[in-house]
Amino acid sequence: MLKTFPVGGVHPSENKFSAGKKIETLPLPKSVTIPAGQHIGAPTQILVKKGDAVKVGQIIAKAGGFVSANIHSSVSGKVSKVDDIFDSSGYRRPSVVIEVEGDEWLEDIDRSENLKTEITLSKEEIIKKISEMGIVGLGGATFPTHVKLSIPDGKKVGNLLINAVECEPYLTADHQLMMEKADEILVGTTILMKALNVNKAYIGIENNKPDAISHLSEKSKNYKGIEVVALKVQYPQGGEKQLIKAVLNREVPSGGLPLDVGCVVQNVGTAFAIYEAVQKNKPLFERIVTVTGKSVNKPSNFLVRIGTSTDTLIEAAGGLHENSGKVVSGGPMMGKALSRTDVPITKGSSGVLIFKEEESKRDEIKPCIRCAKCVSVCPMGLEPYLLMTVSKSQNYERVESERALDCIECGSCSYTCPSSRPLLDYIRLGKSEVTKIIRSRNQK
Amino acid sequence: MSKLLSVSLSPHVHSGNSVKKEMYGVIIAMIPAMLVGFYAFGLDAVRVTAISVIAAVGFEYLIQKFLLKIEPTVTDGSAIITGMLFAFNMPSNLPIWIILIGILVSIGVAKLSFGGLGQNPFNPALVGRVFLLISFPVQMTTWPKVNPMNFSMVDAETAATPLALVKEGLKNGDNLSDLMGKIPSFTDMFLGIMGGSIGEISAIAILLGGIYMLWKKIISWHIPVSMLGTIAIIAAILHYVNPQAYAGADFHLLTGGAMLGAVFMATDMVTSPMTHKGMLIFGFGIGLLTILIRVFGAYPEGVSFAILIMNAFVPIINTYVKPKRFGEVKK
Ligand code: SF4
Ligand code: SF4
């Protein structure tokens, strides 16, 4: 029996069109637009101004606190603008525009392909390096990695989990990374283990990637304490809480963190970025992005410099069609729809998904037939139909007591509802209202 | 950028489930039981079923269009289900006018007056049936004898159902083992060679439909298993305590509406609880009430009453029985 989480979950069509497509380095764009905030946490302080010359890897915005992350230039050239520019959220955010000239990297970045396995830095030095290099969670959450690695006093970490589940349909970036950079990932994992002072790490991979499972299992024999765990294909297997439950059978308490059950979870892409940061002194300024969709001519996995326009990626994959109706940044279950495609790729962009017109519209909303499907698919044991009802009627007390804040926004409920009810839309609304209420309550 | 893109919140994909698919799935599942009914009771059964379905769809359309003045929803298939289920619970020799009254109560009162599909607390087909049972007790409890493939128009002979036969007999002080000799063999009852309502006689045909619905994930196993399990266990205990006074588990499972109720009526999604735990409680309640009514009550059959009574408890069950929350902090 394959391991999995015990309640709920759905199995959407996988549609992994870009699986097995070699990582392709996208040609350098003419210019990049680098948002100064690409992480969860405090905003950064921009260090460059119009006219400045920058090199690849040079810091251009400094972390504005502990929970924040440095931003580095992904290209060499001249800063042409520092201004508020649209990003993928649809809002204007402080950004740095750089006109590309050549490809000149900072000298201290090791650009060789040689695998460097020996870890010379100490625990503290590793965390400091990760913080300097602007590493954030690459699974989409973009939480600054050094914060996750700085364990508060009194908490004990026993296990590191590497999230290589990639449970979102369509996306293949992590899969391809594992096929091409297995050793780097394993060294990155070892670095993380050293930083956390643990001697056991699990890499969880969904069983629809048997090649990655066998490849990594084979390679992991050369590394101490790393175990590859094959997991059942069941969405949202890659949810942090679901992954911990599946691999270790521990349940993160409601409102708690993985740390409360002695775990730290890191994305597999992050492990690779950590390898590059610590062993190669390379800041996080490029990442792998899947560009795919049913109507896409050339589904691809691109290595992309941060700040490249989404348009450029779409063009490289064959461009938009007459019948393209929606472009999503991220996966189909949790990604964000873009209102415009000239927005930059950021540290958190795992995929660009193009939907056809007919896939872009939701079905008509029908009355709830009380079929209980939403309840049985909810991996958090919530009652989505009820949360929607009480959220709609603005009964926020009930929204809170029915534990809306536990919702991980996986979308399984809306996905499955035969009446096409916008369950998660209303749950989100309820959650944000409840969060506001709790905040004002705490201020009193 | 020229192209206008749609923007919406995640998720951006949908399972393709729809109300129609669910409803037509149930209809497909009911076909085997319906065919056995046609085989056993001939043209009469066809007549009752056809009239029930046409009347259910017709009344729903007319009431929604002219009385409520809303867009009729008859295409969703739920009225067809109500019509079929209603017919399944009728003896095949029922006069048309009684059928029409029953359907009017089902659709007009039990379904639409509560706000239509999804809003009704009680199973509409059962409300119609129980209404008729109280209003026309004689016609509702006179079942024709099984007469396979009888497609002539001659009025069929009537006979008591195994449940009624045993209940009457025990009341008159007959010996249970003698009575057991008078009812069809368990193989016949399993296949559906016995008197009864159109859709309730064949356990195997009903189970086939149930398996189909489980496979299509239209129902879950919780309600049928807990309901039939409860009936079986209580019947077996009573039988063990006094084999002369109480029939065994096989008798109670195969006779009357136990199978039909467990698979098609108690599982009605609108009128059953939302959580698996709640479904188990609901099924247990129906099983318990069914046996109590059958063994100690005035009526020989209790499934319909039991389901309706438990329907009334569904809101309470939903309020107090919650799914196991992930990460529940133990107090
Ligand atoms: S309620 Fe939240 S956690 Fe549960 S299925 Fe819906 S989105 Fe997922
Ligand atoms: S899945 Fe949709 S129709 Fe079914 S109970 Fe939930 S909200 Fe109602």
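General remarks:
- Cα-based helix-to-principal-axis angle, B:162-171 vs chain B, degrees rounded to 10: 50 degrees
- Cα-based reach from A:K200 at 13 Å (exclusive), listing aspartates and glutamates while leaving out same-chain residues under 8 positions away: A:E227
- For segment A:321-372 and segment B:236-315, distance of Cα centres in Å: 47 Å
- Cut-off 14 Å, label 7 Å out along Cα→Cβ of A:A42, residues of segment A:79-110 by amide N: none
- In sequence order, segment A:93-110 has phi-based couplings of 10, x, 9, 10, 9, 10, 7, 7, 9, x, 8, 9, 8, 4, 5, 7, 8, 7 Hz under the Karplus curve 6.51 cos²θ - 1.76 cosθ + 1.60, θ = phi - 60°, and Gly or Pro positions carry x.
- Ordered from highest to lowest accessible area with the whole protein assembly present and a 1.4 Å probe, A:M334, B:M279 read as A:M334, B:M279.
- Inter-chain neighbour count for A:411-421: the average number of beta-carbon atoms from partner chains within 10 Å of each residue's beta-carbon is 5.
- Figure legend: label point modelled 7 angstrom from the Cα of A:E101 along Cα→Cβ; residues of segment A:41-65 with amide N under 15 Å from it are A:49-56.
- Filter on A:K30/A:K326; A:K209/A:K232; A:K181/A:K221; A:K16/A:K245; A:K155/A:K241 - keep pairs with C-alpha separation over 22 Å: A:K30/A:K326; A:K16/A:K245
- Within 10 Å of the Cβ of each residue in A:378-389, the mean number of Cβ atoms contributed by other protein chains is 3.
- The long axis of helix B:78-88 is offset from the longest Cα principal axis of chain B by roughly 0 degrees.
- A simple count of charges around B:L179, restricted to other residues whose Cβ falls under 13 Å of its Cβ and scoring Lys, Arg +1 and Asp, Glu -1, yields 0.
- Long-range HN-HN contacts of A:V100 with modeled amide H, under 5 Å: A:S31, A:V32
- Each residue of segment A:41-57 was assigned a 3J(HN,Hα) from its phi angle through the Karplus curve 6.51 cos²θ - 1.76 cosθ + 1.60 (θ = phi - 60°); the sequence is x, 5, x, 9, 10, 6, 9, 10, 9, 3, x, 5, 8, 10, 10, 5, x Hz, with glycine and proline shown as x.
- The loop-placed GluC sites (Glu not before Pro) in segment A:358-444, going by DSSP, that have at most 13 neighbouring Cβ atoms within 10 Å of their Cβ come out as A:E364.
- Take each residue of peptide B:312-323, count the partner chain Cβ atoms within 10 Å of its Cβ, and average: the result is 2.
- The alpha-carbon of B:K111 sits under 23 angstrom from the alpha-carbons of these lysines, leaving out residues fewer than 8 places away in its chain: A:K366, A:K373, B:K20, B:K21, B:K65, B:K69.
- Couplings 3J(HN,Hα) of segment A:141-149, computed from phi: 7, 6, 7, x, 5, 5, 5, 5, 8 Hz, in residue order, whole Hz [Karplus 6.51 cos²θ - 1.76 cosθ + 1.60, θ = phi - 60°; x for Gly and Pro].
- Loop sites here are chymotrypsin sites (Phe, Trp or Tyr not before Pro) outside DSSP states H, G, I, E and B with no more than 16 other Cβ atoms within 10 Å. The longest part of chain B free of them is B:1-150.
- Remark: chain A carries 40 Å² of accessible area per residue (probe radius 1.4 Å; ligands, DNA and RNA excluded).
- Interface A-B: total buried accessible area of about 4200 Å², 1.4 Å probe, protein heavy atoms only.
- Carbon + sulfur, % of accessible area of the protein assembly as shown - ligands and nucleic acids excluded, 1.4 Å: 59 percent
- Percent RCO, i.e. relative contact order, over segment A:1-70, from Cα pairs under 8 Å lying at least 6 residues apart: 24 percent
- Loop-resident sites, segment A:138-168, for trypsin sites (Lys or Arg not before Pro), counting at most 16 other Cβ within 10 Å (DSSP): A:K155, A:K156
- Length added when fully stretched, B:I233-B:T141, from 0.36 nm per residue minus Cα-Cα: 30.4 nm
- Cross-link partners of A:K444 among lysines (Cα-Cα below 21 Å; sequence separation of 8 or more within a chain): A:K431, A:K436
- Taking all protein chains into account, the per residue accessible area for segment B:19-140 stands at 38 Å² (1.4 Å probe).
- For segment A:347-372, residues shielded by at least 30 square angstrom of accessible area compared with the chain on its own, probe 1.4 Å: A:R362, A:I369, A:R370, A:A372
- Positive contributions from Lys and Arg (+1) and negative ones from Asp and Glu (-1), summed over other residues with Cβ under 13 Å from the Cβ of A:I46, come out at +2.
- Contact residues in segment B:257-272 by the 20 Å² criterion (accessible area, 1.4 Å probe, full protein complex versus chain alone): B:M269, B:V270.
- Percent RCO, i.e. relative contact order, over chain A, from Cα pairs under 8 Å lying at least 6 residues apart: 19 percent
- Occluded residues from segment A:392-407, i.e. those whose accessible area drops by 50 Å² or more once the chain is not alone (1.4 Å probe): A:R403
The values are calculated or read from the model by the stated rules, or taken from the named source; none is laboratory data. Since the structure is predicted, the reported quantities are computational estimates derived from the model, not experimental observations. Methodologically, a virtual Cβ is constructed for each residue, glycine included, from the backbone with ideal geometry; neighbour enumeration extends over all protein chains shown. When the accessible area is computed, the model is the full protein with side chains, heavy atoms only, and any ligands, DNA or RNA have been set aside. Shrake-Rupley method; radii C 1.70, N 1.55, O 1.52, S 1.80 Å.
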